[in-house]
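Colleague: One structure follows; several queries about it will come next.
Bear in mind that the values in this text are calculations on the coordinates, not laboratory data. Small disclaimer: the values here were computed from a predicted structure and weren't measured. Here the Cβ positions follow ideal geometry from the backbone for every residue, glycine too, while neighbour counts run over all protein chains shown.
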Amino acid sequence: MRKDWDWLFTAQIISIGIISLLIIFSINRTLATAQFIYWMVGLAILFVVANLDYKIWTGMAKKIYAVTIISLIGLLLFVDPIRGAKQWFDLGLFRVQPSEVAKVAMVLLLSAYFKNRSSKNLNNVLISFLLILLPAGLIIVQPDIGNSITIFAIWLGITIASGLKFRHLFGLAAAACALIFIFYNLLAPYQKSRVLTFVNPNTDPLGTGYNIIQSKIAIGSGQLFGRGFAQGTQSQLNFLPEAESDFIFASITEQLGLAGATVLILTFIWLTLRIINFSKDKERMAQLTLIGIASFLIAQFTVNVGMNLALLPVTGITFPLVSYGGSSLLTTLFMLGLVLSIKRHSR
């Protein structure tokens, strides 16, 4: 086991986790304790998944997809809204977010679907899109725009890797523009306000523009080397909302500065590039699974950092391995365990 275990990959994951736990600890020690427990459980999951043959999970793709759909429907029918959204099953000691499990389901299902199919055939592309449309639609109406974006990103990454033709890609881009228009009209009023405020946050500085403005202040005040650990005024004095989750990147930049944020970003990008590199010389389903996982990481990283920098609208999407949240962390570590399993068992 020790000979074929990728210790560098493990060290990259733990390094990102240490930065995350330190920043969460500086903001809220109770949340940091909970997140530390999630990390211990998540690393155990990673270890178990990495030691099992990945084909066990890919063979369960349809079952995981079915359970995910049932769970998402159950949320809408039986769960009371929390802050206007139906996203979690409250199990007492912890909450489960089915939209996180949906990411695993889509990676496995789409990889299995395209194992013996090519996206050069437009029919295959359309069928695969229909497969993701149901869970994505159920996630959107929760409402949860952020995680639905990740679902589409996973589909796009795997579809392109399966041989999507350029003209089909152009057509999909046009269709995406039409879908964005449709989805915008389906958004709740507060979500529309977020999009409009993104264009000019100063139009509502104490309302929907508040988060973006405080995030920009936090990032700008960090300068090169930061204000120091647990010294940031925006995150420490609670001016920055969701400083431990949605806007944790702003908290990191405020405390550790551009230098600390750069170390985090480069480590995360390095981790993702290694996953893509692992896909070389692997059997097709393993390749597609790795590309799907990389697409998930790239999408969430881009959207989360983009909204922290006021380059993208606020969507409430997490920074994988960094933001506070049990469901998000456990899902991410499960998929990284899958990466290690493929690296060890695929030839």
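Colleague: Sort 127-133, 334-340, 239-245, 76-82 by the packing proxy (mean of other Cβ within 10 Å over each peptide's residues), most packed first. Spell out each step's value before the answer.
Modeller: Numbers: 127-133: 16.0, 334-340: 23.9, 239-245: 20.6, 76-82: 10.0.
Per-residue mean Cβ counts within 10 Å order the peptides as 334-340, 239-245, 127-133, 76-82.
Colleague: In square nanometres, what is the average projected area of the Cα convex hull of the chain?
Modeller: On the way: hull surface 69.1 nm².
Result: 17.3 nm².
Colleague: For residue 302 and residue 63, what does the FRET efficiency come to when R0 = 25 Å and r is the distance between their Cβ atoms, rounded to the nearest 0.05? Could the numbers behind the result be given before it?
Modeller: Details: r = 31 Å, r/R0 = 1.23.
It comes to 0.20.
Colleague: Gain in length, residue 238 to residue 134, computed as 0.36 nm per residue apart minus the alpha-carbon separation, to one decimal in nm? It would help to have the intermediate numbers written out before the result.
Modeller: Working: separation 104, 0.36 × 104 = 37.44 nm, distance 3.79 nm.
That pair, residue 238 and residue 134, stretches by 33.6 nm at full extension.
Colleague: Here is a further query. Beta carbons within 10 angstrom, averaged per residue: use that to sort the peptides 219-227, 149-157, highest first.
Modeller: Sorting 219-227, 149-157 by mean packing, highest first, produces 149-157, 219-227.
Colleague: Cross-link partners among aspartates and glutamates for residue 216, C-alpha distance below 20 Å, same-chain residues fewer than 8 apart left out?
Modeller: Counting by Cα, and skipping residues close in sequence, residue 216 has these aspartates and glutamates nearby: 204, 242, 244, 246, 254.
Colleague: Sticking with this one: Would you compute, from DSSP H runs of 4+ residues alone, the mean residue ellipticity of the chain at 222 nm, taking -39500 (n - 2.57) per run and dividing by the full residue count, rounded to the nearest 500?
Modeller: The per-residue figure over the chain is -23500 deg cm²/dmol.
Colleague: Okay, moving on. What nm distance separates the two modelled labels at residue 14 and residue 34, each placed 7 Å from Cα along Cα→Cβ?
Modeller: Label at residue 14, label at residue 34, 2.6 nm between them.
Colleague: Cross-chain or 8 or more residues apart, Cα under 25 Å: how many lysine pairs in region 1-109 fit that? Count them up, please. It would help to have the intermediate numbers written out before the result.
Modeller: Working: 3/55; 55/63; 55/103; 62/86; 62/103; 63/86; 63/103; 86/103.
The number of close lysine pairs in region 1-109 is 8.
Colleague: Cross-link partners among aspartates and glutamates for residue 282, C-alpha distance below 17 Å, same-chain residues fewer than 8 apart left out?
Modeller: Reachable aspartates and glutamates: 4, 6, 53.
Colleague: Let me ask something else about it. Grab the Cα-Cα distance for residue 263 and residue 210, subtract it from 0.36 nm times how many residues apart they are, and report the gain in nm with one decimal. Let's see the in-between values first.
Modeller: Values: separation 53, 0.36 × 53 = 19.08 nm, distance 2.77 nm.
Length gained between residue 263 and residue 210: 16.3 nm.
Colleague: Now, a different point. Under the definition of Cα pairs under 8 Å and six or more residues apart, what whole-number percent is the relative contact order of the chain? Walk me through the numbers on the way to the answer.
Modeller: Numbers: 481 pairs, mean separation 93.9, N = 347.
Relative contact order, the chain: 27 percent.
Colleague: Right, here's the next one. Given labels modelled 7 Å from the Cα in the Cβ direction, how far is it in nm from residue 85 to residue 175?
Modeller: About 2.7 nm, to one decimal.
Colleague: Mind ordering 296-305, 169-178 by average Cβ neighbours within 10 Å, highest first? Before the final figure, lay out each step's value.
Modeller: Details: 296-305: 22.2, 169-178: 11.5.
The most tightly packed comes first, giving 296-305, 169-178.
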